[in-house]
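The values are calculated or read from the model by the stated rules, or taken from the named source; none is laboratory data. In this text, all values refer to a predicted model and were calculated from it rather than measured experimentally. Glycine also receives a Cβ, built like all others from the backbone with ideal geometry; neighbour counts cover every protein chain displayed. Areas reflect the complete protein model, heavy atoms only, side chains present, ligands, DNA and RNA absent. Shrake-Rupley method; radii C 1.70, N 1.55, O 1.52, S 1.80 Å.
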Amino acid sequence: MFVADVRLPGLQDIAFVRSGVAHGRLLSVNKPADDRERVFTIDDFDDLNVLEAGPELEAFRQSPYPALASGKVRYVGQAIAACVATTRARAEDLAERVEVEIDELPAVVDAVAAMQPGSPRLFENWADNAFIARTISAGDLNLFSASPMRLKRRFRMNRHATVSLEIRGVVAHWDARLEELVVHLSTQGGHVMRLGLARALGLPENQVRVIAPDVGGGFGGKNRLLPEEIAVCAIALKVGHPVRWIEDRREHLLASVHCRDHHYDLTVCFEPDGTLLGIEGDVHIDAGAYALWPTGSFMEASMAAGNLPGPYRMKALRVNTFTVATNKAPMGPYRGVARPGACFAIERMVDEVAQHLGIEPYEMRKRNLVKRTEMPYVTVAGLKLDTGDYHDSLDTAAKMIDISAIRRRQKERKPGEPRVGIGFAVYTEQSGHGVVEWSKRKSRVVPGYESANVRMLPDGSVNISVGVQNHGQGHETTLAQIAAHELGIDPSQIRIRYGDTATTPFGFGTFASRSIVFAGGAVGVTSRRLAEKIRLIGAHLLQAAPESVRIENGAVLSDSGSVGFGEIARAANIRQEMLPEGMEPLLEFTGTYEPKESAGVFSYGTHAVVVEVDEATGGVKILDYAVSEDCGTMINPMIVDGQVQGGISQGIGTGLYEEIPFNADGQPLATTFGEYMMPCATEIPTVRIAHSVTPALVTEYGVKGVGEGGAIAPPAALANAVADAFRDCKASFNETPLTPRRVWEAAQAAMTRMEAAAETRA
Amino acid sequence: MKMTEISVRVNGVAMKSSVEPRTSLADYVRETCGLTATHLGCEHGACGACTVLVDDVLTRSCLKFAAMCDDRHVTTLEGLANDPLTDLLRQCFHESHALQCGFCTPGMLMAARDLLRRNMTPDEITVRNALAGHICRCTGYSGIVHAILLAASRLKPDD
Ligand code: FES
Ligand code: FES
């Protein structure tokens, strides 16, 4: 059951009136005279709080984001008024009758131009358009002047949307008996959303219950509190009957969380033999009009800069980062957060340097990758790469894809035949980062632990409640596997519960590749405590010494006999006279878990892709895709494969298809699946995956996260492959998505250059 | 708004309803009939999540008006609860990890069943082509393709 499937008596639908212009002063909103009470504007709510959002940094400028527009509109699609009716269609009818007057202002649509003096500003009280500007520098900065060789390039990863197939949704009603607001919300983290909703609505948290039923994908997009969600709850408190808003796809593409939109202007320094020395330049993140609660998208810039050195030994880093406000929908996290852009920039750079020096890109990587013997290795940006063998990963991927066969094929290519290219990209994926890392980032909410409540019922069956939120990651399976392992029972006897703040312990939700590390750890350590109590009771029932018994197959065994969990659970829950003297009844523990070290553990891998490019159209076709990855111990290899394949599918979307372009007025040009290209089964190949397992040293079972990795490397690997196909004419492909037009234009430009050069020589 | 009276057989049950002419078949089965296996991922015919059968023909219910279904048979995934082929597919989807969030799954099952009823021995390309226009954001499709090929391999000629 998804949010849109929730049926409550008296439920009515909400449709929003949205801004048609990117930037303007809101002069008036006129409600239809005959239906005023069913239309809501910000003026109808004098008690709503606007939440501070973004990192807790003095330098981070606040961009107050009201539930409905107030004073100004700052992007096309911003909600201005909400209309309530018995069906969505009727609510939309009503919305059409609301008259909005806006005094249009010049739009800011380019993050780099937005930082030029004289650019129009989104927030009058800001000195420029930057939410925050910071310089990250580390290592031996003299290298930048002393370096023997350097190369300068621009990269751009364009804006797209998160596009969960189930779009956003919220159903809210006031439960008069319990005196609480019940909110069904499609979210990745109900507990944190409750915190935000309660604050925005001015209710105590114990009068807000958030239920996330089945959630149809999130990918980051459902990990922020959006104004519509606050508005729907505020209306529910006013109207006295349940209300719902189910976002439609157009609203999703217009006004839900957008992502990427990175601009890089970089210079890489290196030795003549291809040894990388350092990287410097500017990174602009086009963050859209507002910071979303809680943490906005500020991590994009710092993570992009911090991940620029990637898995390579570099000695210096100096990056000026700008997180810029523009008249576009607010940016939020999306699978891979910042790293797809950083990986694209550095991995393209590596290939560009290789091309420049005439080295095989694969060799270039061998020369610079951190070695296993150097682990743990602290990168110049300060990330501690903990365990793994990056060289082995690269070799494995190279073997899987067979470089020499492709090189042969390229040599033998006859004019008129399609071009073929091979591309590599190596990535790392930080996961399991806790207090240290999140407080360093000045996060408003510090997701440094997860919790689990493990309970054995009187019949011996087990319920486990967790604070994370499955939305396709298979937590029911993996968490039950972990508990089964600790408790010595079959996973089928365990139920995993999540998604209701009323019944689950506080937790932060599912994002940042964190659930297997944190929730897996919490379930593991808490189940162990339960197992220990079960063992003690079992020993008592067997009249054996506690150290002489062990747990196996749902029973406690001594040398002379055994007692099943059913009996033990019965004693603990309903027959306390059978318990050891002084022992508390019940078999229930709630525990939290954070890894021993909280700077994070790093999964990693190499993507290798072979593409065919049609010279006449610029169309790119993937011929083969291979991955060699290492996410530490795998609890469930099938789920790992699913995450890798699914992540790559999204990465291919970023790399080849998905984009929301904007015109100069700030009008988004992709607002349906007619203009927004989603890859389907005909575009996404089955990826060949090789695993190696280097357990993490600081997590339970040696697990590392795996949710995001797949999405990080594809744009880089694809662009490298397309560039490789045009090696002979030195074409550069530095902007995603690599649409046929972009590919064709870049190839044409390079060929023209080559011909001109040939003519000059002649 | 003027209402239209329609008689539709939904999953074999005769329904008489009065609908707005603009009501889509998707909204009709979901809101009027309460059948929520039919999902809405785009409401403009591009994602396939809303796929149902109208007189046994694969149909995007978001693109069809309920009023166009007067006197017709509409089958949603709920109506295939006891269908052996759907059951086989469900099993194969399960074994092949062909769903993550599950939102696309009803449409995928509908399309897969339709394909196997037309072609019991599809190759991979055929399966992929049959799924073109069905969006899955989570799985990257390989599990779904695998599941359908697996189901095909298990089909007996008289199924
Ligand atoms: S909802 Fe009908 S095709 Fe997407
Ligand atoms: S499983 Fe989530 S959209 Fe397909």
Output the residue which, of all residues in segment A:460-491 that are small (G, A, S) and more than 14 Å from chain B (Cβ to nearest Cβ), is nearest to the chain's Cα centre (by Cα). A:G467
Given the conditions (1) surrounded by 24 or more Cβ atoms within 10 Å (Cβ to Cβ); (2) in contact with a strand residue (DSSP E or B) (Cβ under 8 Å, 6 or more places away or on another chain), report the number of the one that B:C47 does not fulfil. (2)
Identify, please: which residue in segment A:154-173 is out of contact with any helix residue (DSSP H, G or I) (no Cβ under 6 Å at 6 or more places or on another chain) and more than 14 Å from chain B (Cβ to nearest Cβ) and is, among those, nearest to ligand 1 (Cβ to nearest atom)? A:R159
In segment A:176-234, the residues that are within 14 Å of chain B (Cβ to nearest Cβ) and either surrounded by fewer than 19 Cβ atoms within 10 Å (Cβ to Cβ) or among the charged types (D, E, K, R) (or both): A:P213, A:D214, A:K222
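Quick grid of which residues meet (1) open to solvent by 10 Å² or more (accessible area, probe 1.4 Å); (2) away from chain B (no Cβ under 14 Å):
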position: A:P580; (1), (2): yes, yes
position: A:Y593; (1), (2): yes, yes
position: A:S603; (1), (2): no, yes
position: A:E612; (1), (2): yes, yes
position: A:A616; (1), (2): yes, yes
position: A:I622; (1), (2): yes, no
position: A:P637; (1), (2): yes, no
position: A:Q643; (1), (2): yes, no
position: A:I648; (1), (2): no, no
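So that you can scan it fast, the table gives a plain yes or no per residue for (1) within 13 Å of ligand 2 (Cβ to nearest atom); (2) on the phi < 0 side of the Ramachandran plot; (3) within 14 Å of another protein chain (Cβ to nearest Cβ); (4) not acidic (D, E):
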| site | (1), (2), (3), (4) |
| --- | --- |
| B:D83 | no, yes, no, no |
| B:F93 | yes, yes, yes, yes |
| B:G102 | yes, no, yes, yes |
| B:P106 | yes, yes, yes, yes |
| B:T121 | no, yes, no, yes |
| B:L131 | yes, yes, yes, yes |
| B:R137 | yes, yes, yes, yes |
| B:H146 | no, yes, yes, yes |
| B:S153 | no, yes, no, yes |
Residues in segment A:672-688 that are within 16 Å of ligand 1 (Cβ to nearest atom) and in contact (Cβ under 8 Å) with a residue 12 or more places away in the chain: how many? 6
Looking at A:V517, A:V523 in this structure, which one is aliphatic (A, V, I, L, M) and over 13 Å from A:T590 (Cβ atoms)? A:V517
Identify all residues within segment A:431-481 that are of a type in the set (A, V, I, L, M), outside any helix (DSSP H, G or I) and crowded, with 23+ Cβ neighbours inside 10 Å; write none if there are none. A:A452, A:V454, A:M456, A:V462, A:I464, A:V466, A:V468
Suppose the filter is β-branched (V, I, T), within 11 Å of ligand 1 (Cβ to nearest atom) and either more than 9 Å from chain A (Cβ to nearest Cβ) or out of contact with any Cys (no Cβ under 8 Å at 6 or more places or on another chain) (or both); does B:T126 pass it? no
Which residues, taken from segment B:1-14, are buried (at least 17 other Cβ atoms within 10 Å of the Cβ) and within 27 Å of B:R117 (Cα to Cα)? B:V8, B:V10, B:N11
Boolean, A:S147 is within 16 Å of ligand 2 (Cβ to nearest atom), of a type in the set (S, T, N, Q) and in contact with a strand residue (DSSP E or B) (Cβ under 6 Å, 6 or more places away or on another chain): no
Looking at (1) of a type in the set (V, I, T); (2) crowded, with 17+ Cβ neighbours inside 10 Å; (3) free of Cβ contacts under 8 Å to residues at least 60 places away in the same chain, which is the only condition B:T76 fails? (3)
Count - residues of segment A:655-693 that are more than 14 Å from chain B (Cβ to nearest Cβ), among the β-branched types (V, I, T) and open to solvent by 40 Å² or more (accessible area, probe 1.4 Å): 1
Looking at this structure, is B:C50 within 16 Å of ligand 2 (Cβ to nearest atom) and under 26 Å from A:K222 (Cβ atoms)? yes
Are there strands (runs of 3 or more DSSP E) fully within segment A:204-313 with at least 2 residues that are under 30 Å from A:L141 (Cα atoms) and more than 25 Å from the chain's Cα centre (by Cα)? List them. A:258-270, A:276-286
What helices (runs of 4 or more DSSP H) completely inside segment A:635-751 contain at least 1 residues that are of a type in the set (A, V, I, L, M) and more than 24 Å from A:G509 (Cβ to Cβ)? A:637-652, A:714-725
With a cut-off of at least 1 residues that are within 13 Å of the chain's Cα centre (by Cα), name the strands (runs of 3 or more DSSP E) lying wholly within segment B:1-92. B:51-54, B:57-60, B:73-75
Of the residues A:R36, A:R90, only one is over 26 Å from the mean Cα position of the chain (by Cα), surrounded by 15 or more Cβ atoms within 10 Å (Cβ to Cβ) and in a helix (DSSP H, G or I); which? A:R90
